[in-house]
1. Which of the peptides 87-97, 140-150, 47-57 is most tightly packed, and how do the rest follow, going by the mean number of other Cβ atoms within 10 Å of each residue?
2. When Lys and Arg each count +1 and Asp and Glu each count -1, what net charge do the other residues less than 14 Å away from Ser153, Cβ to Cβ, add up to?
3. Can you report the principal axis dimensions of the chain using only the alpha carbons, biggest first, rounded to whole angstrom?
4. Skipping prolines and chain starts, which residues have an amide H placed within reach, meaning under 5 Å, of the one on Val38, given they are 5 or more residues away or on another chain?
5. In µm²/s, what is D for the range 44-132 at 20 °C and 1.002 mPa s, where D = kT/(6 pi eta Rh) by Stokes-Einstein and Rh is the Kirkwood radius from Cα pairs?
6. Bin all alpha-carbon pair distances of the range 185-257 at 10 Å intervals from 0 and give each bin's fraction as a whole percent.
7. Using 13 Å as the cut-off for backbone N distance, which residues of the range 52-69 belong to the label zone defined by a point 7 Å from the Cα of Asp5 along Cα→Cβ?
8. What nm value, rounded to one decimal, do you get for the distance between Asn267 and Ser78 when each label is placed 7 Å out toward the C-beta?
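None of the figures in this text is laboratory data; all of them are computed from the coordinates on show. Everything quoted here is computed from the prediction, not taken from an experiment. Cβ sites come from the backbone with ideal geometry, for glycine too, and all protein chains shown count toward neighbours.
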Amino acid sequence: MASPDLLSLAGQRALVTGAATGIGKGIVEALAKAGADVALNYRSHGEEAEKLARTVEAMGGKAVALQADVSKEAEVISLFDAAERDLGPIDIVVSNAGLQRDAKIADMTLEDWNTVIEVNLTGSFLIGREAIRRFRGKGMGQSRSLGKLVFNSSVHQRIPWAFHANYAASKGGLKLLMESLAQEVAPERIRVNAIGPGAIATAINAAEREGDGEKEMLKLIPYGRIGEPEDIGRCVAWLVSDAADYVVGQTIFIDGAMTLYPEFRGNG
C-alpha cells in the first residue's frame, strides 16, 4: 500500500480572502498546485480575481471568484454560503485580506485608525469565527484535521513600526486572536495558525522599492533578498497540509530573518 502524500491537498476546498493580487494570489496558486479547489474572495479587483480563477481551472482544479467586504458581518456569512454552494464544504480558510493607512500619530485620523482595525483585525475575527462554525458542521473529509485556518499577520506583530501605529496594532491584536482561537478549538482537531510575512514584493510597497529604496530595504533583511508572493504561498500550502498536522497556534515568519533585528548584528 502506497504511503499517503502528506503534502497533497487533493479533494480539499479552500477559501482565500484578498485573493486577487499580491500575497493572496501567491497563496491561491500554491494551494491549487497542491490540488485544492479554491474560492477567491476579492473586494475591488474583480477582473484580476476572475483571471486567477481561470488560471486555477487551467491547472485542473475548480475555482470561483466571490466579492465581499470582510469587515461586514453579513457579507462574510454570504461569502461562505456562496463558496460552499459552488465548491462544497470548506476545509481550508486563509484570512489574507488587509490594508494600510499610514500616517504620523499626530496626523492619523480616526477614520485611518478605524479602517485598518476593521479590515485587518475585525475582518479576521469575522472570517475566523465563520470558518470555525463551518468546520464544525462538516465531516473530517480528506485531511487529518477537521479544518485549517491561517491568518496572514506580519513581522509587525513583533517589530514596532513608527508611523504605522494602526497597522502594527492590528497585527499585534491578530497574534493573540489567532493564539486564543487555536487554544479554544484545538481539541476539536481544528488547526489555527498564522504566517508573518516580511518585505514581500507587491504593489503595496512598489514605490518604496524604487530607486535606492530596495537597497535600503535590504539592510533589514539578512538573507539578502526581498521575498516574493510565491514564498508565502509555498509556506501556506505546507502549513495547511497533513505534513504540518502537529503545528497548532504558531506564527511562522517568512521574512529572510528580518525578525532577528539585523541592525544589532554589528561587524564581528
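1. Values: 87-97: 24.3, 140-150: 20.5, 47-57: 17.8.
By packing density, highest mean first, the sequence is 87-97, 140-150, 47-57.
2. Working: positive: Arg158, Lys171, Lys175; negative: Glu179, Asp255.
Cβ neighbours under 14 Å give a net charge of +1.
3. 55, 44, 38 Å, listed from the longest principal axis down.
4. For Val38, whose amide H was placed from the backbone, the distant partners under 5 Å are Ala14, Lys62, Ala63, Val64.
5. Details: Rh = 14.7 Å.
For these conditions, the coefficient is 146 µm²/s.
6. Values per bin, smallest distances first: 18, 41, 24, 14, 3, 0.
7. Flagged as within label range: 60-61.
8. It is 6.1 nm.
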